[in-house]
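The values are calculated or read from the model by the stated rules, or taken from the named source; none is laboratory data. Model, not experiment: these values are computed from the prediction. Cβ atoms come from the backbone with ideal geometry, glycine included; neighbour counts cover every protein chain shown. The protein model used for the area step is the full one, side chains on, heavy atoms only, and it has no ligands, DNA or RNA in it. Shrake-Rupley method; radii C 1.70, N 1.55, O 1.52, S 1.80 Å.
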Amino acid sequence: MKKISLLIFFACFVFCLQAQKKDIKPGFRKQTPAETQFLNSLHQSLYASLPHVYKDWKTAPENSFDAVKYWCDIPTQWHDCTADIPTGIGHGDPWALNWQVDFTMPDEQSSGLMMAAMKGVTDYTNGQQVATCLKATNKSKLGIFIYANISSGVTGAFPISYCSKTPPLTILLPVVATLAVKGIRSVDCPIMDGGHVSMSGNYYDNAVVFLGKPVSSKTTSTGSDGLTTTRYAIGFDKARIGKLVVQNIVVTFKGDSADIDEAIKLIDWQKLSDLIER
């Protein structure tokens, strides 16, 4: 009996070892301590650079971050994916992270905006009136998105759209930026839909800032909605993809122009600039 028990124990032990070896999903490997430290430190810097309070506006709860759980959905006893990382990172893909903060005006304030705006519309076929109404209501949200280490495989990954009668504005920053522009969706360009003025057009303004690498491509086109869109891609040195460094940072904004201006003042641009490899 003892020999049989030992045999069963040994078989189970070998089976468990084999199961552990196969525990990592295809296309994944375990992070190195250096990778974990780099990703956690980078995330903390990105997080700390952004504002987390804006006026009395609401924001969604922000989840905590730990690199060893970033690619691990649900670790279990039989599949401990803790510290898994895609095998391509550090080879075909960079150590990239992103984060975002979204603010929303309280309902009682946004309702007031809508009621006041709708009073100005007497003719819903009048593009100028409809555009003015929608523009007045599109002031209740502000989104800030930040990306680090963008390896641009997509041309024009970062667009800004604007009314052709209001060309992009240059954003002044306290640090050197390779791109800093804001697009205004002016009421001078009523947004169209199928040849008619859109009753649900998006008039939120937008902006994009590049730190580190320069613009690698830029294309401009005008869509059927009547808005002009310029798409930018940021440079990335793929020869240094295996280095644990930050090559570039992109910050984008979506909101009313005045709110974007205020958000820009609340960002710690020096902290972001200091992350870039010199």
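Do we find that Val250 is farther than 19 Å from Thr132 by Cβ, touching a residue at least 24 places away in the same chain (Cβ under 8 Å), open to solvent by 10 Å² or more (accessible area, probe 1.4 Å) and of a type in the set (A, V, I, L, M, F, W, C) in this structure? The answer is no for Val250. The residues on offer are Thr59, Thr87, Thr76, and the sole one that is surrounded by 13 or more Cβ atoms within 10 Å (Cβ to Cβ), polar (S, T, N, Q) and farther than 30 Å from Asp256 by Cβ is Thr87. Of Lys218, Lys243, all but one fail to be open to solvent by 70 Å² or more (accessible area, probe 1.4 Å), assigned to a strand (DSSP E or B) and farther than 22 Å from Val53 by Cα; the exception is Lys218.
The residues on offer are Gly235, Gly226, and the sole one that is over 27 Å from His43 (Cα atoms) and open to solvent by less than 40 Å² (accessible area, probe 1.4 Å) is Gly226.
A single entry from Asp259, Asp274, Asp225 fulfils the requirement of being on the phi < 0 side of the Ramachandran plot and either part of a loop (DSSP other than H, G, I, E, B) or in contact with a Cys (Cβ under 7 Å, 6 or more places away or on another chain) (or both): Asp225. Taking the criterion of being under 16 Å from the mean Cα position of the chain (by Cα), buried (at least 19 other Cβ atoms within 10 Å of the Cβ) and assigned to a strand (DSSP E or B), the residues of the stretch 141-179 that qualify are Leu142, Ile144, Ile146, Tyr147, Ala148, Phe158, Ile160. Consider the stretch 89-111. How many of its residues are assigned to a loop (DSSP other than H, G, I, E, B) and farther than 21 Å from Leu46 by Cβ? So the count comes out to 4.
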